[in-house]
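Reviewing the structure listed below.
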Amino acid sequence: MSKKTTIETVHGVKQEISYSTNSMTHDEQERLLTLITRVVDWHHDRNLIEGSTDKDQTLKLLQELGELSDSVCKGKDISDDIGDMLVVMLNIVERNGLNLTKCLERAWSDIKDRKGKMVDGIFVKEGD
């Protein structure tokens, strides 16, 4: 299901936006879990957990972010760039013995009640 709302930037520009509230189907959830397992196994099989470092993987994540930025600026498809970033983030999660769900839950807990405003297309939280 798609919802619409109107937002107003700090500069007074009003814009109607649409967003999806569809949740993943059971099959999509299963595919996601399978892919996560495959990616983590791939990292282990190639010695990218024990044989790399958080610093190396963070630099790789920055490289992938640069590719995402380039694609966004050029109006290209960004799905591969986002996927590549997720692959690297899964490496960092695995090497630190973290849980992706708990990481996202913690971030959600931090932002769910956050208030702020849009400034030039960027959400700026109150107090910043």
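The values are calculated or read from the model by the stated rules, or taken from the named source; none is laboratory data. Please read these numbers as outputs of a predicted model, since none were measured by experiment. Cβ sites come from the backbone with ideal geometry, for glycine too, and all protein chains shown count toward neighbours.
Look through region 51-88, keep the residues that are touching a residue at least 24 places away in the same chain (Cβ under 8 Å) and among the acidic types (Asp, Glu), and return whichever of them is nearest to Asp41 (Cα to Cα). The residue in question is Asp54.
No other residue among Leu100, Leu65 is within 21 Å of Ser52 (Cα to Cα), surrounded by 12 or more Cβ atoms within 10 Å (Cβ to Cβ) and at pLDDT below 95 apart from Leu100.
Among the residues of region 44-52, not a single one is under 27 Å from Gln29 (Cα atoms), of a type in the set (Val, Ile, Thr) and in a helix (DSSP H, G or I).
Taking region 48-68 as the range and being more than 21 Å from Ile36 (Cα to Cα) and small (Gly, Ala, Ser) as the test, only Gly66 passes. In region 69-76, the condition of being within 22 Å of Leu32 (Cα to Cα) and either assigned to a helix (DSSP H, G or I) or not aromatic (Phe, Trp, Tyr) (or both) is met by no residue.
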